[in-house]
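No value in this document is a laboratory result; all are computed from the given coordinates. In this text, all values refer to a predicted model and were calculated from it rather than measured experimentally. Note that each Cβ is placed from the backbone with ideal geometry, even for glycine, and that neighbours are counted across all protein chains shown.
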Amino acid sequence: MPELQVAALGNELLSDDGIGPHTLSMLRQAAWPPQVRFHSLGIGSLSAVTLLRRPGCLLLLDALQGGQRPGTVYRLRAGRLLLTEALSLHEMHLLHLAARFFPARLRDITVLGLEPAHLSPGVFFSPEVRAALPLYMRLASLEISSFLAEGGRRP
């Protein structure tokens, strides 16, 4: 069965921008099969190049500024994005890299984002993001479960 790479982007010291790493940490506590691999990328999208070279699917977790109200959850298929629009510095740099050097991989990348309210220094989430966290966690778990149920096809 192909692998699913679950990767978190974000800075845990910038309030809501830490949603990706926080979610990844919580997901790691569950008992997932070995074909589900977890990666904390911080804010360095270029460190994910090795993930783009691996076969299988990639699920990205991050704060994502899409212009909706704080706490909004987004599920985006990378192969369907217009990559001239910047939503999040983290994902878009990674997705632009994928589009340029690994274009076939875009169809295997899903971005699960959460609209931040604050990106100021701090280690606490805004009330809006805190309220959306259970839904975000559930959706991330469902993405992984769907990948496993589909026998390793894209989540």
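A compact table of results
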quantity	calculated
Segment 4-149: Cα Rg divided by the 2.2 N^0.38 Å rule of thumb	0.96
Packing-based order for 106-112, 22-28, 57-63, 116-122, using average beta carbon neighbours within 10 Å, highest first	57-63, 106-112, 22-28, 116-122
Label-point gap, in nm, between Q29 and E150 - each point 7 angstrom along Cα→Cβ	2.8 nm
Environment charge of G71, counting only residues whose C-beta is closer than 12 Å and scoring Lys/Arg +1, Asp/Glu -1	-1
For segment 1-54: relative contact order, % (alpha-carbon pairs under 8 angstrom, 6 or more apart)	43 percent
Approximate spin-label separation T72-R54, in nm, with each point projected 7 Å along Cα-to-Cβ	3.2 nm
Dipole magnitude of segment 4-149 about its Cα centre (Cβ charges: Lys, Arg +1; Asp, Glu -1), debye to nearest 20	540 debye
Karplus (6.51, -1.76, 1.60) ³J(HN,Hα), θ = phi - 60°, over segment 101-108, in Hz, Gly and Pro reported as x	10, 9, x, 5, 6, 4, 5, 9
Proxy reagent accessibility, fewest Cβ within 10 Å first, across V123, V6	V123, V6
